1. Name the most mobile residue of 171, 30, 329, meaning the one with the largest mean-square fluctuation, in a Gaussian network model of the chain with Cα contacts below 10 Å.
2. Using the crude model of +1 on Lys and Arg Cβ and -1 on Asp and Glu Cβ, and no other charge, please compute the dipole size for the range 91-156 relative to its Cα centre, in debye to 20.
3. Enumerate the amide H contacts of residue 371 below 5 Å, restricted to partners 5 or more residues apart or on another chain; note that Pro and chain-start residues carry no placed amide H.
4. What's the magnitude of the charge dipole for the chain around its Cα centre, counting Lys and Arg as +1 and Asp and Glu as -1 at the beta-carbon? Answer in Debye, nearest 20.
5. Hey, if you put +1 on the Cβ of every Lys and Arg and -1 on every Asp and Glu Cβ in the range 53-291, which of 231, 153, 169 ends up farthest toward the positive end of that dipole?
6. With 10 Å bins from zero, work out the P(r) of the range 192-249 over every alpha carbon pair and list the percent per bin.
7. Let's test the formula: R0 of 45 Å, r as the Cβ-Cβ distance of residue 397 and residue 89. What FRET efficiency results, to the nearest 0.05?
8. Need the list of lysines near residue 138 for cross-linking: C-alpha distance under 26 angstrom, and skip anything on the same chain fewer than eight residues off.
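Each reported figure results from applying straightforward, stated rules to the coordinates on display, with no laboratory input. This structure is a prediction, so every number in the text was calculated from the model and none was measured. Counting neighbours? That spans all protein chains shown, and the Cβs are built from the backbone with ideal geometry, glycine included.
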Amino acid sequence: MSFPQIKPARRTEDIKYAVRDVVVLAQEVAAAGMKMCYLNIGDPNLFDFETPPHIVEAVYEAMKANRNGYAPSSGTKGAVKSITDQAGRQGIKKVQHVFVTTGASEAIDLALTALVNPGENVLTPSPVYPLYTAILSKLDAVNNPYYLDEGNNWEPDIADIESKINDKTRALILLNPNNPTGTVYSKETLQAAIDLAIKHNLVIFSDEIYDKLLLDDMPYTSIASMTDQLPIVTFNGMSKAYLAPGFRIGWGIVSGPSEIVGEYSEAIQKLERARLSANHPEQYAIPAALDGDHGYLEPVLARLRRRRDLTVDRLNAIEGISCVKPQAAFYAFPRIELGVDDETFVQKLVRETGTVCVHGSGFGQRPGTQHFRVVFLAPEDTLNRAFDHIETVAKSYR
């Protein structure tokens, strides 16, 4: 009996995830004996960062107390209360629903799935963390990219956003601080985004998972704290500032007038119930993280500042490469002007040196420009070795 080849769903055709797709090439190079240097994934625990002990202990105690069954679909009471309390401290009003998820990624997936119909579109920054475009592809929705302005410290181009809005646009996505550029958006930019969303009846999705990893002395504003008249979903999680990506715990906060967001909030809860719950014992890390000691953060930030400064200095010293200084997180998004496309440049870097970065086109970029993303979590000696390799490959094109 012959069985016909199984054809995958068309919705999977455009799903790409450059951060991990580049690992396929890296594995081939590693198998040939090359010493590898991975600067492609933002996982602090792969380097010299450890989850704070009080956060680990909270999960351990929960497991010992047999909190190992299903959790409530929206999250444990303690977790939801801690998230709600922190939202209040940030100035977020009219919180209508808090939901705990398997990483911030699931929160984003649930919020988009509950809102967007096939053929409708969502405004996404370009460059953007590729999860968003992957989810939109899965939903048969349309990715509607707007550009970040590299000449203005990668702030969103508000005029470009407005020019892209049409009668099928449902939401505006903001990553603040941004991945992959490390930019922290100004209050003026956030207010302009609010004004656009009100004018065009858009939901704002604000991804703020790097909000505590600020590398410069500058104010940070959660956009939902600036208005209580607009539907906003704010995302955060344990992965970055709390150094626990493997816990796979994130959350979403739905805020705005109840008469506007009530039905939408219930749609999210339907999806929550359908997938049962997020990891149960790991949710006990949320009160420990949000309400506990944050003293571990200062040495983490000091280390990241040194590595950020090294990264910017080394990259800007290479002819044909320039880099806007990141203000937060642990990514840089340098530009290459070497007469070669970014994917070819990254592939050559991996094949010839074992240094793994991610091509900028995997995140999106303004047409005619070429970039790549560097994760600067690694110790300084590792970063210096990687930048030596990047310089060597850049010289080969000159």
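1. Ranking 171, 30, 329 by mean-square fluctuation puts 30 first.
2. On the way: 3 positive and 7 negative charges, 63 e Å.
The dipole of the range 91-156 has a size of about 300 debye.
3. Result for residue 371 returns 336, 342, 360, 361.
4. Working: 40 positive and 49 negative charges, 154 e Å.
Dipole size: approximately 740 debye.
5. Of 231, 153, 169, it is 231.
6. Bin by bin from 0 Å, the calculated values are 20, 41, 29, 9.
7. On the way: r = 50 Å, r/R0 = 1.10.
Computed FRET efficiency for residue 397 and residue 89: 0.35.
8. 7, 16, 164, 168, 240, 270
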